[in-house]
1. For the chain, what is the relative contact order in percent, using Cα pairs closer than 8 Å and at least 6 residues apart in sequence?
2. 5 Å is the cut-off here: which amide hydrogens, built 1.01 Å from N in the peptide plane, fall below it relative to residue 66, excluding neighbours closer than 5 in sequence?
3. For 80, 51, write out the residues from largest to smallest accessible area, computed with a 1.4 angstrom probe and no ligands counted.
4. Hey, what do the phi angles of segment 136-147 turn into as Karplus ³J(HN,Hα) couplings, whole Hz, using 6.51/-1.76/1.60 and θ = phi - 60°, x for Gly and Pro?
5. Which value, in Å², gives the accessible area per residue of the chain when a 1.4 Å probe is used on the protein heavy atoms?
6. Step by step: find N for the chain, compute 2.2 N^0.38 Å, then divide the Cα radius of gyration by it. What's the final number?
7. Take the Cβ-Cβ distance between residue 154 and residue 23 as r, set R0 to 30 Å, and report the resulting FRET efficiency rounded to the nearest 0.05.
8. In terms of the Cα gyration tensor, with a ≥ b ≥ c the square roots of its eigenvalues, is segment 66-156 rounded because a/c is under 1.5, prolate because a/b exceeds b/c, or oblate?
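The values are calculated or read from the model by the stated rules, or taken from the named source; none is laboratory data. For clarity, every value in this text was computed on a predicted model and none was experimentally measured. With ideal geometry, Cβ positions are generated from the backbone for all residues, glycine too; neighbour counts draw on all protein chains shown. To get the accessible areas, we keep the full protein, side chains included, count just its heavy atoms, and leave off ligands, DNA and RNA. Shrake-Rupley method; radii C 1.70, N 1.55, O 1.52, S 1.80 Å.
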Amino acid sequence: MSKTQPIVVAIRRWSNEDLPLLQSLMGDPAKTGHLGGPETREQILARHERYVRTKETSRQGPIFAITVGPNQQAVGSIGYWQRMWKGQQLWELRWAVIPECQGQGIVSRAIVLVCDHARQVGRARFLHAFPAADNETTNAICREAGFELVGEVEFDVGPGHMRRRNDWRIDLFAAVA
């Protein structure tokens, strides 16, 4: 990808063709350490099937592939869903992008697209993101995408894996600039 021309970023619903991307995102120990480690082949297949079947429901937003360029090459995933947090339901946003596409503003642009989608659906007022408190890059993405820092929290990222996270949220009903 050219560093001199802007990268065209889009999102599309997750599809069967995205399994290799998911294997890359979730199967590598170096890429999943902040999530408690890589998933097994069976876990990745089960996740892929959930992503493919996901429809917009009262508790689940869609999972999207993040694509770039004129050929719409899939380089990541992004989606939102409800989770119980501090005794209430909230909408959590999560994303992942392959390493060679990081640091190019791709995620920030994908977040804007997902927020536009969630705003149109109208089920959630806020989307939250919970990056590791010490992950400067991901926290900068949240800031750049217009999220507000709610505070630092202890967060369960998987069975037996508690980590310090920042709770960021974006108000989908706020005036869009």
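1. Computed over the chain, the figure is 18 percent.
2. Counting only residues 5 or more places away or on other chains, the set is 75, 76, 77, 78.
3. 51, 80
4. 3J(HN,Hα) across segment 136-147, in whole Hz: 4, 5, 5, 5, 5, 4, 4, 4, 4, 7, x, 6.
5. Value for the chain: 55 Å² per residue.
6. Relative to the 2.2 N^0.38 Å estimate, the chain comes out at 0.99.
7. With a Förster radius of 30 Å, E is 0.50.
8. On the way: a/c = 2.06, a/b = 1.35, b/c = 1.52.
Note, shape of segment 66-156 comes out oblate.
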